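Read-outs throughout are calculated quantities, based only on the coordinates presented, and are distinct from any laboratory measurement. All of these numbers come straight from a predicted model, not from anything done at the bench. With ideal geometry, Cβ positions are generated from the backbone for all residues, glycine too; neighbour counts draw on all protein chains shown.
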Amino acid sequence: MYRLKKFLLKKIKQKGYSLSKQQARNGNETNPLYYLAGFFIHNGFKGDLVQIGANDGVTNDPVRKLILDFKIPSLLVEPQLPIFKKLQTAYSAVPHVRLENCAIDNVSGNKELFYVEPVSGYPMWASGIASFDKATLLKHKRVLPGLEGNLRKINVPTFTFRQLLQKHDIQEVLILQIDTEGYDFELLKHITSSGVRPKLIQYEHKHLSFRDQSACREMLTEMGYAFLTKPEDTIAIYKDQAISS
């Protein structure tokens, strides 16, 4: 029986699939970032929320509810102009939210960004994904037929993270949300090297290699962070600050 199971698992893996234990998904799920943010805010911690890769501000957005409920001052960054215009609409009546149409990188200037051309039959989220790395976007080709022929590229303006904070007069970052389709570790290296230590960081790990996932955790651990792992994202908590409160 064991040999048969091993043989079947090998064949499934060769086809690009994997097996996982089925779990019940009915009922509302808790968003741990929301409650952690509430803990910090209600315990007097100050600072802004910065979201890099804000998309349209609505679709599968991990921070919209806490931005609206806690009225935390927020800066949302989105490089794709058509998506950015939707983001403007989503927050047009929210005075404590500022928006920036750019990408964040370790140097300022311009950089080539790959994105998905909207195609009939693609899910809504497809038009919102973009990356500096074409190979990362191609990971979606199993669910987006003909993806390679529907990838486009544009040049977008880039700011360093420090330039972004200075432009918007942000003194302290309380919450950092990153979703940049595989560029998250590079951004975290850049952001933390500038001395910024958000109390909460949520970044997408699903497009990172195992080596980069491990290296990212090691880097943040040395800075005093502890972790909460979700299926596609990691929440890093600045534990020294949390404990001292």
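Given a Förster radius of 35 Å and the C-beta distance between H42 and E218 as r, what FRET efficiency does 1/(1 + (r/R0)^6) yield to the nearest 0.05? Walk me through the numbers on the way to the answer.
Details: r = 31 Å, r/R0 = 0.89.
After rounding, the FRET efficiency stands at 0.65.
Put in line by how crowded their Cβ is, counting other Cβ atoms within 10 Å and starting with the fewest, S131, S209 read S209, S131. The phi torsions of region 114-131, fed into the Karplus equation with coefficients 6.51, -1.76 and 1.60 and a -60° offset, translate into couplings of 9, 8, 9, 5, x, 10, 4, x, 6, x, 4, 5, 4, 6, x, 8, 7, 7 Hz, rounded to whole numbers, with Gly and Pro shown as x.
Only the Cβ atoms of Lys and Arg (+1) and of Asp and Glu (-1) were treated as charged; on that basis the dipole of the chain about its Cα centre amounts to roughly 1260 debye. Only one of (1) 6, 17, 14, 11, 10, 9, 8, 7, 6, 5, 4, 2, 0; (2) 7, 27, 30, 19, 12, 5, 1, 0; (3) 6, 28, 35, 21, 7, 2, 0 was calculated from the structure for P(r) over Cα pairs in 10 Å bins from 0, in percent, and its label is (3). Of all DSSP bridge pairs formed entirely within region 44-163, close to 50 percent run antiparallel.
Counting alpha carbon pairs within less than 8 Å and at least 6 residues apart, what relative contact order, in whole percent, applies to region 119-210?
30
Around L147, under 12 Å between beta carbons, what's the net of Lys plus Arg minus Asp minus Glu among the other residues? So the environment of L147 carries a net charge of +3.
Going 7 Å from the Cα of S193 toward and past its Cβ, which residues in region 153-177 have a backbone nitrogen under 12 Å from where you end up? What the label zone holds, given the 12 Å backbone N cut-off, is 161. Going by neighbour counts of Cβ atoms within 10 Å, the residues S108, S127, S194 line up, fewest first, as S194, S108, S127.
For region 87-220, just say rounded, prolate or oblate: build the C-alpha gyration tensor, square-root its eigenvalues into a ≥ b ≥ c, call rounded for a/c under 1.5, and beyond that prolate if a/b exceeds b/c, oblate if not.
Cα axes put region 87-220 in the oblate bin.
Among beta bridges from DSSP that stay inside the chain, the antiparallel ones total about 50%. Neighbour counts of other Cβ atoms within 10 Å put M219, M124 in the fewest-to-most order M124, M219.
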